[in-house]
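The structure under discussion appears below in the form of structure tokens.
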Amino acid sequence: MATATTNFDFSGCHVLVTGGTSGIGYGIADAFQRAGASVMITGTRGSPADYDEVDLSRFEYHPLQMQDKEAIFALGKAISKLDFLVNNAGANLLFAEGGEWAPENFAESIEINLLSGFHMTSAVIDKLMQSEVTSGACVINMGSLTSFFGNELTPAYGAAKAGNRMLSMSQAHKWASNNIRVNAVAPGLIATRMTAPMLDMPELTEAMMARTPLSRWGLPADVAGATLFLCSDQASWITGQTIIIDGGYSTMG
């Protein structure tokens, strides 16, 4: 897996990346750790040993089901120090029975892709307020290109990600006086395990590639680089923004 190569130095910083065991989340966790940070990640399996496909020994692992509000707040209480929170955990119910139009799937998608991040931020906001990072603590919410376009396949996912964009703006206003910045990143189609079924749909991928100027799929490292930048002192006057990472797809008319 390609990694984000940066000159950022996050030595002494504490980071939590939800859903950090694979895909975009792992790419972000890996980049922060390589930049010197102490990184905590969450995942749905019982222990790091349950992930045969990746080595998670560099991270502090916390099992967590993102639909479990009580568990989210318990984790927040257990964390002693935190400078940066990346609300990455999410789920794609596109291929669930009934798709995202099934009411139960729609509700589950909103719970995982929007409400869990709101709860996670609420659970650790007191720790972020205690951060000693000069440029301020940061929250990064995970958006998506689907939040900018209507799509009959992903009504819930798109709605949740659009909610994350607006939530980021509101949170940026709420906590600016506490020296906490809040931004979102909105990836296009990133090649991960979660998107693998979509990448096997020629009618979708051919159309997307035809309007992507950079003519390749995104990688987790592409999102990681933007995330580290937004958490760095080089972005100390950026808050309430959503950075689109899509190879230029959204610029095409």
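Since every read-out is calculated from the coordinates, none of them should be taken as a lab result. As the structure is a prediction and not an experimental result, all values here were calculated from the model. All Cβ positions, even for glycine, are placed from backbone atoms using ideal geometry, and neighbour counts span all protein chains on display.
Under a Cβ-only charge scheme (Lys and Arg +1, Asp and Glu -1), can you give me the dipole magnitude of the chain about the Cα centre, in debye to the nearest 20?
On the way: 14 positive and 24 negative charges, 151 e Å.
Magnitude of the dipole: close to 720 debye.
Taking only the C-alpha atoms of the chain, the Rg (one decimal) and the largest Cα-Cα distance, Dmax (whole number), read 17.2, 49 Å. Extents of segment 91-204, largest first, come to 48, 27, 23 Å (Cα atoms, principal axes, whole angstrom). In segment 3-44, Cα pairs under 8 Å separated by at least six residues give a relative contact order of 49 percent. With the cut-off at under 15 Å, measuring from each backbone N in segment 47-84 to a point 7 Å along the Cα-to-Cβ line of Ala196 picks out 51-54.
Helix-derived [θ] at 222 nm for the chain: sum -39500 (n - 2.57) over DSSP H runs of at least 4, divide by residue count, nearest 500?
Working: 8 runs with 90 residues, N = 253.
That calculation yields -11000 deg cm²/dmol at 222 nm.
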